[in-house]
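Engineer: Attaching a single structure in structure tokens format; questions to follow.
The values are calculated or read from the model by the stated rules, or taken from the named source; none is laboratory data. Predicted model only: the values in this text are computed from it and were never measured. Note: ideal-geometry Cβ built from the backbone for every residue, glycine included; neighbour counts use all protein chains shown. SASA here: full protein model, heavy atoms, side chains in, ligands and nucleic acids out. Shrake-Rupley method; radii C 1.70, N 1.55, O 1.52, S 1.80 Å.
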Amino acid sequence: MLYYVFYSIAAVNFAAFLVSLIMYTRESIKCANYRRLEEYIRDLEIENLKQAG
């Protein structure tokens with residue numbers, strides 16, 4: 001009976017760890033995409049300035 005309690009606690013902790021890992025990974029991917037988008041927009045602005053100037 002006691003083993004069951006310990007294993008269920010461990011399973012819940014592991015599930016919470018997996019969920020937090022997935023959320024962290026999604027946030028970091030989102031941040032990387034935003035950074036790439038900002039670089040792309042900056043490059044476009046530089047190209048526009050070159051063409052205008």
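Engineer: Multiply the residue gap between residue 18 and residue 48 by 0.36 nm, knock off their C-alpha separation, and tell me the result in nm, one decimal place.
Structural biologist: The span from residue 18 to residue 48 would gain 6.3 nm if fully extended.
Engineer: Taking only protein heavy atoms and a 1.4 Å probe, what accessible area per residue, in Å², does the chain have with all protein chains in place?
Structural biologist: 100
Engineer: Using a probe of 1.4 angstrom, how much of the accessible area of the chain is carbon and sulfur, in percent?
Structural biologist: 67
Engineer: Heavy atoms of the protein only, probe of 1.4 Å, neighbouring chains included. What is the accessible area of residue 34 in Å², nearest 10?
Structural biologist: The accessible area of residue 34 comes to roughly 130 Å².
Engineer: Let me ask you something else. Between residue 38 and residue 2, what is the label-to-label distance in nm when each label sits 7 Å out along the Cα-to-Cβ direction?
Structural biologist: With each label placed 7 Å out from Cα toward Cβ, I get 5.4 nm.
Engineer: On a 0 to 90 degree scale, rounded to 10, what angle separates helix 2-52 from the longest Cα axis of the chain?
Structural biologist: The answer is roughly 0 degrees.
Engineer: Would you kindly find the accessible area of residue 17, with a 1.4 Å probe and non-protein molecules such as ligands, DNA and RNA excluded, rounding to the nearest 10 Å²?
Structural biologist: 110
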